[in-house]
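As structure tokens, the structure follows; a few thoughts come after it.
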Amino acid sequence: MPALDLNQATLRSVDLFPAVREADIVVIVTDHSSYSYPEIVEKARLVVDTRNATRGIVSEKVLKI
């Protein structure tokens, strides 16, 4: 996985879906076409969508702002 050294800390990428499953909330701040938003909604506990990336997805777990 890629890593970035920044100010005496190392930031590492993680696999998306294990992180989504473990998170209390997923906040979508950028609408990337390479992500499967239906799969993110399925696996997440709660999704806050600030970019309308989940348009067309009906789920009680999605809060669109």
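So here's what we get for this one:
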quantity	calculated
Answer residue from the stretch 26-39, given it is closer than 14 Å to Lys64 by Cβ and of a type in the set (Val, Ile, Thr) and is most open to solvent (accessible area, probe 1.4 Å) among those	Val29
Residue within the stretch 3-22 that is touching a Ser or Thr at 6+ places or on another chain (Cβ under 6 Å) and touching a residue at least 12 places away in the same chain (Cβ under 8 Å) present	no
Residue within the stretch 6-18 that is open to solvent by 70 Å² or more (accessible area, probe 1.4 Å), of a type in the set (D, E, K, R), at negative phi and out of contact with any His (no Cβ under 8 Å at 6 or more places or on another chain) present	yes
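The values are calculated or read from the model by the stated rules, or taken from the named source; none is laboratory data. Since the model is a prediction, treat every value here as computed from it, not as a measurement. Glycine gets a Cβ as well: all are built from the backbone with ideal geometry, and neighbour counts include every protein chain shown. Side chains are part of the model used for accessible areas, which takes the heavy atoms of the whole protein and leaves out ligands, DNA and RNA. Shrake-Rupley method; radii C 1.70, N 1.55, O 1.52, S 1.80 Å.
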